[in-house]
1. Within segment 102-141, take every residue that is within 18 Å of Glu155 (Cα to Cα) and not aliphatic (A, V, I, L, M) and give me the one that is most open to solvent (accessible area, probe 1.4 Å).
2. Identify the residue in segment 119-134 that is β-branched (Val, Ile, Thr) and either more than 18 Å from Leu67 (Cβ to Cβ) or not in a helix (DSSP H, G or I) (or both) and, among all such residues, is nearest to ligand 2 (Cβ to nearest atom).
3. What number of residues within segment 48-69 satisfy the criterion of being in contact (Cβ under 8 Å) with a residue 24 or more places away in the chain and within 16 Å of ligand 1 (Cβ to nearest atom)?
4. How many residues, within segment 52-75, are within 26 Å of Asp28 (Cβ to Cβ) and either over 14 Å from the mean Cα position of the chain (by Cα) or among the aliphatic types (A, V, I, L, M) (or both)?
5. For Ala38, indicate whether it is more than 15 Å from ligand 1 (Cβ to nearest atom), outside any loop (DSSP other than H, G, I, E, B), over 18 Å from the mean Cα position of the chain (by Cα) and closer than 25 Å to Glu176 by Cα.
6. Would you point out the residue of segment 70-101, among those that are closer than 16 Å to Glu54 by Cβ and without any contact (Cβ under 8 Å) to a residue 40 or more places away in the chain, that is least open to solvent (accessible area, probe 1.4 Å)?
Amino acid sequence: MTKREEIDLKRYIRNIPDFPKPGILFYDISTLMREPDAWQIAMGRLARQVAPWEPDMLAAVESRGFLTAAPLADRLGCGLLMLRKPGKLPGGTISHTYDLEYGSDTLQIQDDAIKPGQRVVVMDDLLATGGTLAASITLLRKAGANVVGASLLVELTGLGGRDKLDVPVKSLVTYEE
Ligand SMILES: O=P(O)(O)OC[C@H]1O[C@H](OP(=O)(O)OP(=O)(O)O)[C@H](O)[C@@H]1O
Ligand SMILES: Nc1ncnc2[nH]cnc12
C-alpha cells in the first residue's frame, strides 16, 4: 500500500484539452475533490504549506479558491474572507480592476474585512498567468492587509505567473505547460 506521504496528487488531477477555449489545457481539480482520501491529503499538505506564515486570515479568490481556503481556515483556526466578482458582496466594498489577456475583470472585498496590518495569505486553486493573484494582492493591500504569502494547489510554471507576484508563493503540484 502506498504511504500517504508518497501519494502523487497529479494522479488525481484530470487534464481536459481545449477547455474553455481551443488551445487551453484545463487542469480539473474536480477529480481530486471526488476522492476523499486524496482531498484530505491535499488539504493536509496545504495546511503544512501555509501554517509557517502564521496568517490571521485566509483570502479566498472566487470561485475555486473558496474550495481550498474554507477547509484550510478551519484546520488552521484562522479567519476567512472572500474576494468576489462585482455585485456579490453586501455592504461597503473596495474594488480593483485589472487587465486580462483579452479585456479586463474586477474583484471586490468588503471594506471592513481586514483589520489594519493583519497577516493574510491569499489562496486559489491554480496559478496560470498570475493576473488574478496579482490583482488579489493589490486589492488586499488597498484594504489594509499585510499579504504574507500566496498558496496554490496547482502552478503552471511555464506561464511565469509567480514573477508577477511580490510575495512568497507555494504550490503543491507544478506543470510546465
Ligand atoms: O493566473 P491566471 O491566469 O489569472 O488564472 C488563474 C485563475 O483562473 C481560474 O479562475 P477562473 O477565472 O476560471 O474562475 P473560477 O475560479 O470561477 O472557475 C483559477 O481558479 C484562477 O483564479
Ligand atoms: N489551464 C487552466 N486550467 C484550469 N484553470 C485555469 N485557470 C487559468 N488557466 C487554467
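1. Taking the candidates together, the pick is Thr129.
2. Within segment 119-134, the match that is nearest to ligand 2 (Cβ to nearest atom) is Thr129.
3. So the answer is 10.
4. 11
5. yes
6. That would be Ala73.
The values are calculated or read from the model by the stated rules, or taken from the named source; none is laboratory data. Given the structure is predicted, the values throughout are model-derived calculations rather than measurements. Every residue, glycine as well, gets a Cβ built from its backbone with ideal geometry; the counts of neighbours run over all protein chains shown. Protein only, heavy atoms only, side chains kept; ligands, DNA and RNA dropped before computing areas. Shrake-Rupley method; radii C 1.70, N 1.55, O 1.52, S 1.80 Å.
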